[in-house]
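All remarks here apply to the structure that follows.
The values are calculated or read from the model by the stated rules, or taken from the named source; none is laboratory data. For clarity, every value in this text was computed on a predicted model and none was experimentally measured. So basically every Cβ, Gly included, is an ideal-geometry build from the backbone, and we count neighbours across all protein chains shown. Side chains are part of the model used for accessible areas, which takes the heavy atoms of the whole protein and leaves out ligands, DNA and RNA. Shrake-Rupley method; radii C 1.70, N 1.55, O 1.52, S 1.80 Å.
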Amino acid sequence: MSESSGAIGVVGGGTMGIGIAYVFAAAGSTVTIVEPDEPRRSGLRTQIVERAEKSVARGKLTAELAAHVADTLRVVADIDDLDVGLDLVVEAVPEIVDLKHAVLRKIEAREPKLIGSNTSALAIGLLAEALAHPDRFIGMHFFNPVWAMPLLELIAGDHTSDETVSAAQALGAQIEKETILVRDVPGFATSRLGVALGLEAIRMVEDGVASAEDIDRAMVLGYRHPMGPLRLTDLVGIDVRFHIATQLSESLGPRFEPPQLMREMVERGDLGQKTGRGFFDWSEQ
Ligand SMILES: NC(=O)c1ccc[n+]([C@@H]2O[C@H](COP(=O)([O-])OP(=O)(O)OC[C@H]3O[C@@H](n4cnc5c(N)ncnc54)[C@H](O)[C@@H]3O)[C@@H](O)[C@H]2O)c1
């Protein structure tokens with residue numbers, strides 16, 4: 001824990017906000033989470049403190065830092081309750097442009113040094129339209145679960161300053177994430193490459209190149225991917241990836257058009273793990 005650990009705000013205490021708040025608090029920062037929904041808000045402290053205790057039990061966090069998390073974490077109901085002049089405020093509210101614009105405007109009024117957005121797919125340039133100082137704004141794309149995934153994808157918009165990029169990289173190092181820097185293009189680096197591989201694997205099933213099982217085994221055993229592209233598509237949700245592919249095809253061209261087989265699976269309701277059937281049978285799980 002050091003002076004440089006900083007004071008951080010996280011807006012939205014859902015799946016991602018909880019993870020983002022945890023990693024900063026566990027790195028010694030003083031964290032405040034904003035969550036307007038009362039039932040969610042009342043459970044947040046416990047969830048994050050329990051996460052810290054689990055990490056201590058696994059030898060991944062010192063008891064001193066776990067005590068710091070429990071002692072310093074604040075949960076508030078409104079962005080106006082954030083201290084003025086925080087080092088960073090990250091928004092992790094649902095992926096709705098108007099909502100994010102309203103939230104970003106309120107965050108800017110608290111005059112933080114840096115504003116980050118955890119958007120998965122919205123253009124940083126589009127979100128920046130809400131801000132008077134877009135130079136202090138950057139995409140900070142975390143991955144779920146945030147405490148386990150080593151990547152932080154930074155997305156620099158046209159107006160993001162070099163100082164903002166450097167500050168975000170330093171914050172990434174502080175929470176022990178590997179950062180990559182990506183220009184503000186649709187799909188950033190992660191979704192664009194991940195979805196491209198998934199779509200090609202689906203076309204290979206369509207063409208009868210091999211079974212779904214063997215296409216996945218090709219990547220796992222031949223390329224050391226931890227999971228095959230079809231199993232991953234099942235886990236993410238075939239409808240979710242269909243939606244992303246449709247959006248990417250509009251901006252990046254026909255190579256991202258969802259294959260016919262994917263379209264049919266969405267229409268049938270075979271959406272992957274969550275419905276029990278996708279490229280694989282999940283009914284027993
Ligand atoms: N879930 C993932 O795997 C994942 C991964 C990377 C990025 N993302 C992105 O992260 C963002 C959040 O996703 P999530 O999965 O955590 O969503 P979520 O629905 O779990 O959480 C969103 C939270 O924001 C709160 N909220 C709504 N309006 C608010 C407001 N005006 N002020 C403050 N809080 C408000 C909600 O009450 C909720 O608790 C989205 O942009 C999403 O695309 C999600």
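General observations
- Hits in region 98-128 - residues which are within 11 Å of the ligand (Cβ to nearest atom), open to solvent by 40 Å² or more (accessible area, probe 1.4 Å) and within 18 Å of the chain's Cα centre (by Cα): LEU99, SER120, ALA121
- Note on region 9-41: among residues that are among the β-branched types (Val, Ile, Thr), in a strand (DSSP E or B) and within 15 Å of the ligand (Cβ to nearest atom), the one that is surrounded by the fewest Cβ atoms within 10 Å (Cβ to Cβ) is THR32.
- The listed residues are GLU257, GLU250, GLU284, and the only one of them that is acidic (Asp, Glu) and more than 21 Å from ARG192 (Cα to Cα) turns out to be GLU284.
- When THR160 is tested against (1) more than 13 Å from the ligand (Cβ to nearest atom); (2) part of a loop (DSSP other than H, G, I, E, B); (3) crowded, with 22+ Cβ neighbours inside 10 Å; (4) in contact (Cβ under 8 Å) with a residue 60 or more places away in the chain, just one condition goes unmet, and that condition is (4).
- Residues in region 57-91 that are in a helix (DSSP H, G or I) and surrounded by fewer than 20 Cβ atoms within 10 Å (Cβ to Cβ): 10 in all.
- LYS100 being touching a residue at least 12 places away in the same chain (Cβ under 8 Å) and of a type in the set (D, E, K, R): yes
- Selected residue (criterion: nearest to the ligand (Cβ to nearest atom)) from residues of region 42-53 that are in contact with a helix residue (DSSP H, G or I) (Cβ under 7 Å, 6 or more places away or on another chain) and open to solvent by 10 Å² or more (accessible area, probe 1.4 Å): GLN47
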